[in-house]
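What follows is a single structure, written as structure tokens, with notes after it.
Derivation of every value follows stated rules applied to the coordinates shown; laboratory data play no part. This structure is a prediction, so every number in the text was calculated from the model and none was measured. Every residue, glycine among them, receives a Cβ derived from its backbone with ideal geometry; neighbour counts consider all protein chains shown.
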Amino acid sequence: ALAVTEHQAESATISQGLAESNHAGYTGTGFVNYDNATGSYVEFTVGAASSGPATLTFRYANGTTVNRPMAVTVNGGTAVSVAFPGTGAWSTWRTATASVTLPAGTNRIRATATTSTGGPNLDRLTVDTGTVGVGRPA
Ligand code: GCU
């Protein structure tokens, strides 16, 4: 079976940011407006049935022309830098991806702003752990 789960940012743990809904096109009930501050983050709790590679897809908007990179960590481990370039408008949503390894069990996936402009507006995280049973135990 395919193992794809969706996680709304507005339902995740938010540090230095606010759940808002004043720009159209989000999924769920809104998105997270990161504070314009280094270190602001959204942390998702994501279960994995077995350990292995996963693709993280972040749906976001960045109405500026300047990249707002974030550090993505799994359970506080080594950070992967992910670029969130401008999308043209705060109501135009695009995706950015990262490849990680997820251990089996409950995981904390955190996206932390690494510049003083903060993160983009973050709509949701989709986690794809591939087809269980193909190169990955069921
Ligand atoms: C604008 C926009 C917000 C956005 C902010 C930012 O104020 O309306 O949704 O979060 O810019 O720069 O992060």
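Structure notes:
- Pairwise centroid distance, computed over Cα atoms, of the stretch 78-125 with the stretch 1-53, Å: 9
- Beta-bridge orientation, the chain: approximately 100 percent antiparallel, per DSSP, counting only bridges with both partners inside.
- Once the mean of 1/r is taken over each pair of separate Cα atoms and inverted, the chain shows a Kirkwood hydrodynamic radius of 14.9 Å.
- Sequence-distant contacts, meaning Cα pairs under 8 Å at least 6 residues apart, place the relative contact order of the stretch 2-131 at 39 percent.
- Listed residues 77, 86, 47, most fluctuating in the chain (Gaussian network, C-alpha, under 10 Å): 77
- Applying 1/(1 + (r/R0)^6) with r as the Cβ-Cβ distance of residue 92 and residue 15 and R0 = 30 angstrom yields a FRET efficiency of 0.70.
- Here, the stretch 28-95 is characterised by an Rg to Rh ratio of 0.98, where Rg is the alpha-carbon radius of gyration and Rh the Kirkwood radius.
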